[in-house]
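What follows is one structure encoded as structure tokens, with my remarks underneath.
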């Protein structure tokens, strides 16, 4: 497992802060999301209930995010990802599923502050108005030219996930958007 994050702790300051959150355990879990066993092991590992479509239940560095009708992103502390995959494998033995530790293939970036919604709105085709995207909301989309996903922890605090290979590009996009003058629409 990697010992440094993709952005190695980088960050920018301003009315909207963009920063590397450090190493984060991430597991792609594909299977029947209605399965009682799948729900139980996810709750046991993260303490979070199963999210509905377009939602994430995250507290600190543990949580669940709905990726598609048969896929979850399971968040755990980075050092616990391999153990969590083993626990999922044991709990779901005999069922059709896939659990893969993707921690070192992803980067997690925080976008925080008064302009966080506007930063994302500049880069992603998502309605970021408070009525459409509130705490717990989650989206997979494109951010400029790259695939990305993000969720809102609380108003003014978002987390963006992208592939590690494009983390520098994503950080640059987010930082530039954060430094641009506010439009004030959101």
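The values are calculated or read from the model by the stated rules, or taken from the named source; none is laboratory data. Just so it is clear, the structure is predicted and the values come from calculations on it, not from any experiment. Here the Cβ is made from the backbone with ideal geometry for all residues, glycine too, and neighbour counts use every protein chain on show.
Below is a table of values for the structure above.
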read-out	value
Residues of the range 142-169 satisfying the condition of being more than 18 Å from residue 66 (Cα to Cα) and assigned to a strand (DSSP E or B)	143, 146, 157
Lone unmet requirement of (1) on the phi < 0 side of the Ramachandran plot; (2) outside the structural domain of residue 70 (by TED's automatic domain parsing) for residue 144	(1)
Unmet criterion (only one of (1) in contact with a helix residue (DSSP H, G or I) (Cβ under 6 Å, 6 or more places away or on another chain); (2) outside the structural domain of residue 165 (by TED's automatic domain parsing); (3) closer than 21 Å to residue 135 by Cβ) for residue 91	(3)
Of residues in the range 102-117 being surrounded by fewer than 20 Cβ atoms within 10 Å (Cβ to Cβ) and outside any strand (DSSP E or B), the one farthest from the chain's Cα centre (by Cα)	114
Which listed residue is within 29 Å of residue 133 (Cβ to Cβ), in contact with a strand residue (DSSP E or B) (Cβ under 8 Å, 6 or more places away or on another chain) and surrounded by 20 or more Cβ atoms within 10 Å (Cβ to Cβ), from 51, 77	51
Entirely in the range 12-101, the strands (runs of 3 or more DSSP E) that have 3 or more residues that are closer than 30 Å to residue 113 by Cα	16-20, 25-31, 56-59, 62-68, 71-76
Matching option when the condition is at pLDDT 95 or above, buried (at least 17 other Cβ atoms within 10 Å of the Cβ) and in a loop (DSSP other than H, G, I, E, B), among 133, 138	133
